[in-house]
Structures are given as C-alpha cells and as structure tokens.
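Heads up, the thing below is written out as structure tokens.
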Amino acid sequence: MTELVEHGQLFIGGEWVDPLGTDTIRIVSPHTEQVIGSVPHASEADVDRAVAVARKAFDEGPWPRMTLEERIAVVSRIKDAIAVRHEEIARSISSQNGSPYSWSVLAQALGPMMVYDAAITVARAYPYEEYRQGVLGPILVRREPVGVVAAVIPWNVPQFVAAAKLAPALLSGSTVILKPSPEAPLDSYILADIAREAGVPEGVLSILPADREVGEYLVGHPGIDKVAFTGSVAAGQRVMEVAARNLTRVTLELGGKSAAVVLPDADVATAVAQIAPAAWMNNGQACVAQTRILAPRSRYQEVAEGLAAAAGALVVGDPLDPATQLGPLVAQRQQQRSFDYIRIGQEEGAKVLAGGGRPAGLDRGWYVEPTLFGDVDNSMRIAREEIFGPVVCLIPYGDEEEAVRVANDSEFGLSGSVWTGDVEHGIDFARRIRTGTFNVNTFSLDMLGPFGGYKNSGLGREFGPEGLGEYLEHKMIHLPAGHEAGA
C-alpha cells in the first residue's frame, strides 16, 4: 500500500508559505486508481506573489550579481542532493505517472544529475564577454541573464525536464518560477527541499503546482521575461500565443513522431534490440520515442518478427516493481487515447502484430499492452499523430529515397535514428533528415549538444551552449576607436 503523501503549503521564493487559494490537487495512482497524495493548487494570486519575489530577486538581489563560480556551487549542491535522494525521487515519480521504477532511476533521477553536470561544464566554457573589431571601431558583446523565467514542465519526465530548464536558467543568473503538471507534482516538493538546503537565495526559485488555466496566467504575466515550455503541440501553440501579447521570449519543446530507419545492410537482430526500448520507452510516453519504424521490404518480415517478439517479451505490471519494463499510462484519458488509436489503426487497414488490448491479469490500472502495427502506410493517422502511448508503427519501404521521403513526411521533427552496416553512410543519411536530434546505430540524448525540434516539434534548443544561450540576452557596447581589450 503506497503511503498517502499530503502537502499543505507552496514553495515561493525559497520559503514554505500557505496558499492564497483553497483548491487542492489530488494525485491518483495509475496502477491502483487510488488517491496517493494531495498538494495545494496554486492560484493566480500565488502566481502574482511568486512573480513579485522573483522580480525583486532579479532586479535587486545578489543572484544575478554573484560570480559564475558562486552560482555553480549552488547548482552543484542541487545535483549532489539529487544523487543522495535519487531512489526517493524515482519512486515518487513512478507512483504518480507509471514509469517503470528501473527506468525512473536512470531517467528521472540520475538523468537530471547528468543535466546539471553538463550545464555546469557548458557554463564554465561559455563566452559571456567578447571583444570584436566592428566596422566603425571596437565593440564588446556581452551575454547577460534573461530575467524572470516561467518554466512549465510535463508529467512524463518531470525532474529531467525541470533540470533542462532550471540548470541553464540558474547558471545564467536568472530567477525561476517552476510549474509542475497536476498529474505529477509530488517530486517537485523533494526538489524544493533540495533547493532550500543547497542555498538557493531568497526569491530565486518558486514551485507552483497548477492546472492549465493558472499556467496560462503565469505565461501571460507581464513580469515574466522568458517562458520555457515542454508539452503538446496544441499547448505550445497556446503558450506562444499568450506570451506574444507581452513579446515574451519562448522556447518550446513539443511532440514527436520519430522514425527509426533500418537500412538493408543493417544487422537486424542488433537493431531491433536497441529500437524496441527506444520505441516503448517510459510506456510510450516520451516525445523522442521511435514510434515509426521503417523497414526495407526485402527484410520487412525479419524486422516485424523481431519487434513483435520484443513487444511480447516486455514485462508489464506494477511500476514500482523493479522487474517491470512497461507500466500503466498516467491517466485514464491516456489509456483511452491509446485504445482509440488502436481501433483507428485497424479501421485504416493496419495489422496488429503484437498487443492491441489490456494486459491479461491487470484488470485495474490504466494499462495498455505494448502494441505493434504492421503494414502501416505513412498517410494513416496512427503514423502521423502523436499517440503518447505504447503504440508503434512498422512501415515498409522500397529504396532508400523512399525511406528518406517517408522519414521526412511528418509534421514533427524531434528525433530519429538509422541502422546500418556502414556508419559513414548512416551519417550521410542523417544529414538528409529534417529533425533536431538523430542517431546512427545507437539511441541516446547527449546533454552537451543542442536538443530541440524542427517543424511542429518546437522552437529553440535545450542543452549545450545553444541551450544556455536561450537564457541570455545579447548586448553590444560600442567603444572608442583605438581602445584595446582589457585596457
């Protein structure tokens, strides 16, 4: 029986305070369908309060005026505390969103540590000031913190996405208001404790669990200088629309329908062994999941049999069981969404090669079998729309030109991969795909490089110097002729 976790206060500006509203958020286990916790629902008045203290901390406080090494020391302590509490964080997230515990330890706890560590490496090497010889004389180009940041994160990988926004924002000298999803706010209380113990100064960080309406109020607040959002395309479009009223800067990390392309010369067994976990990762609730798998007709049957066997071998069950490889979806609406797309796929003429229903013996909880569709045409809805569940499409192709066309024929462009016996040829193939992140004979996400999407997959980048740059403003200072750098 999962212990009921109840919180009565909000974390605003580094202090635990009583909420100004009376609404609460109930968190329901996707495994038992029972309430496992509750937190206050932040109100618009709470947003006003958080923005005010963040604004004051940025305009008048020490944080933006500290040395980089002083800020790095604070962020390093956050990272170290996550290491100490990583099992607690992983269990908290798995109990809320159904992520398999073994995956949560790696992606929901240790992954954020890697994000903070990489961001520190980038921050130390970043050129915050640079002298250039201009057309009319010398100039000094400065990069300065953007200001007050609204970071809006989803429920699927909450701590990883929080780190992707918090790390560069804090290191830049900006202040942050973090809004967790109402489906998964409990782990944010652990983060709040960690931030306080790490010595984040007064006003620099607030955490406000709330629904979409309050999130929209935060995004549209005139006191916000930048919005960093991760979520669906529809929500991202709304964020951009609301932020545009104040010309607030935005970065958007949105959806995906990524293609894993198996070339004819690939070692199919090796490829399938790596594609399968990338396709069904986090119960299919991952924006970078390889949900369109392209196989050459000459080897289609081999790929289909391998993937169907991989799907059937996945251990489905209680997300807190270390043996589980695929848990329940976060909410009943997500379960129904997957079942609806399974029905649509069959109506469109695709063939269910594995799964397609509720797992046997799991009558309670929002479970969906790991499902593989074969004979999928790229024009089908199941191949074009992000399902965000354990439903994967296998698409046959003729020659390599067709594979490139099909991979690029999508409204999304977030991730992708190619599997081949010739890595150099794989690199050439990667250059032809319109997507922000691509893999050759592997599947990973490196935090020292830029992550983000083409097309409807988003705007801007996270990680690497490109990601840090999203939290910095550029200033040009003209200098008198003859002035030498450092004089």
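The values are calculated or read from the model by the stated rules, or taken from the named source; none is laboratory data. Only a predicted model underlies this, so the values are computations on that prediction, with no experimental measurement involved. So basically every Cβ, Gly included, is an ideal-geometry build from the backbone, and we count neighbours across all protein chains shown.
Residues that are over 21 Å from Leu468 (Cα atoms), surrounded by 16 or more Cβ atoms within 10 Å (Cβ to Cβ) and either of a type in the set (D, E, K, R) or touching a His at 6+ places or on another chain (Cβ under 8 Å) (or both) within region 220-248 comprise just one, Arg238.
Select from region 21-38 the residues that are in contact (Cβ under 8 Å) with a residue 60 or more places away in the chain and farther than 17 Å from Arg91 by Cβ and write down the one among them that is surrounded by the fewest Cβ atoms within 10 Å (Cβ to Cβ).
As a first pass, look at region 21-38 and keep what is in contact (Cβ under 8 Å) with a residue 60 or more places away in the chain: 25, 27-33, 36-37.
If we keep only those that are farther than 17 Å from Arg91 by Cβ too, we end up with 25, 33.
Values: Ile25: 20, Glu33: 12.
Among them, the one singled out is Glu33.
What do you reckon, is Leu394 crowded, with 21+ Cβ neighbours inside 10 Å and of a type in the set (A, V, I, L, M)?
Numbers: crowded, with 21+ Cβ neighbours inside 10 Å: yes; of a type in the set (A, V, I, L, M): yes.
Yes; evaluated as a whole, the condition is true for this residue.
Only strands (runs of 3 or more DSSP E) whose full extent lies in region 365-444 are considered here, and the ones with at least 3 residues that are over 25 Å from Ala331 (Cα atoms) are 391-397, 416-419.
Ala162 meets all of the listed conditions (1) closer than 17 Å to Arg77 by Cβ; (2) aliphatic (A, V, I, L, M); (3) more than 15 Å from the chain's Cα centre (by Cα) but one, namely (3).
Listed by position, the strands (runs of 3 or more DSSP E) contained in region 137-219 that have at least 1 residues being among the basic types (Lys, Arg), out of contact with any His (no Cβ under 9 Å at 6 or more places or on another chain) and in contact (Cβ under 8 Å) with a residue 24 or more places away in the chain are 175-179. Would you please name the residue that is farthest from Thr435 (Cα to Cα), looking only at residues in region 362-408 that are out of contact with any helix residue (DSSP H, G or I) (no Cβ under 8 Å at 6 or more places or on another chain) and of a type in the set (S, T, N, Q)? Filtering region 362-408 for residues that are out of contact with any helix residue (DSSP H, G or I) (no Cβ under 8 Å at 6 or more places or on another chain) and of a type in the set (S, T, N, Q), the one farthest from Thr435 (Cα to Cα) comes out as Ser379. Within region 341-360, does at least one residue satisfy the condition of being within 11 Å of Pro390 (Cβ to Cβ), without any contact (Cβ under 8 Å) to a residue 60 or more places away in the chain, of a type outside the set (Val, Ile, Thr) and assigned to a helix (DSSP H, G or I)? Scanning region 341-360, I find at least one residue that is within 11 Å of Pro390 (Cβ to Cβ), without any contact (Cβ under 8 Å) to a residue 60 or more places away in the chain, of a type outside the set (Val, Ile, Thr) and assigned to a helix (DSSP H, G or I), so the answer is yes. Just checking, how many residues over region 318-333 are under 19 Å from Leu372 (Cβ atoms) and surrounded by fewer than 20 Cβ atoms within 10 Å (Cβ to Cβ)? So the answer is 1.
Tell me, which strands (runs of 3 or more DSSP E) lie completely within region 221-332 with 1 or more residues that are assigned by TED's automatic domain parsing to the domain that holds Asp211 and of a type in the set (D, E, K, R)? Outline the logic, then answer.
Details: elements: 226-230, 249-253, 259-262, 292-296.
Those strands (runs of 3 or more DSSP E) span 226-230, 249-253.
Confirm whether Phe429 is touching a residue at least 60 places away in the same chain (Cβ under 8 Å), under 22 Å from the mean Cα position of the chain (by Cα) and not assigned by TED's automatic domain parsing to the domain that holds Ala228. Taking the combined requirement at face value, the residue does not satisfy it.
Annotation note: of Arg333, Arg292, the sole residue that is out of contact with any Ser or Thr (no Cβ under 9 Å at 6 or more places or on another chain) and among the charged types (D, E, K, R) is Arg333.
Across region 249-284, the qualifying residues are those that are buried (at least 20 other Cβ atoms within 10 Å of the Cβ) and free of Cβ contacts under 8 Å to residues at least 40 places away in the same chain, and the one among them that is farthest from Leu326 (Cα to Cα) is Val272. Answer yes if at least one residue in region 371-380 is without any contact (Cβ under 8 Å) to a residue 40 or more places away in the chain and among the acidic types (Asp, Glu), and no otherwise. Looking for residues that are without any contact (Cβ under 8 Å) to a residue 40 or more places away in the chain and among the acidic types (Asp, Glu), one finds at least one in region 371-380, hence yes.
Apart from one condition, Ala109 fits all of (1) buried (at least 17 other Cβ atoms within 10 Å of the Cβ); (2) modelled with pLDDT of 95 or more; the exception is (2). Across region 141-149, not a single residue is classified as crowded, with 19+ Cβ neighbours inside 10 Å and among the acidic types (Asp, Glu).
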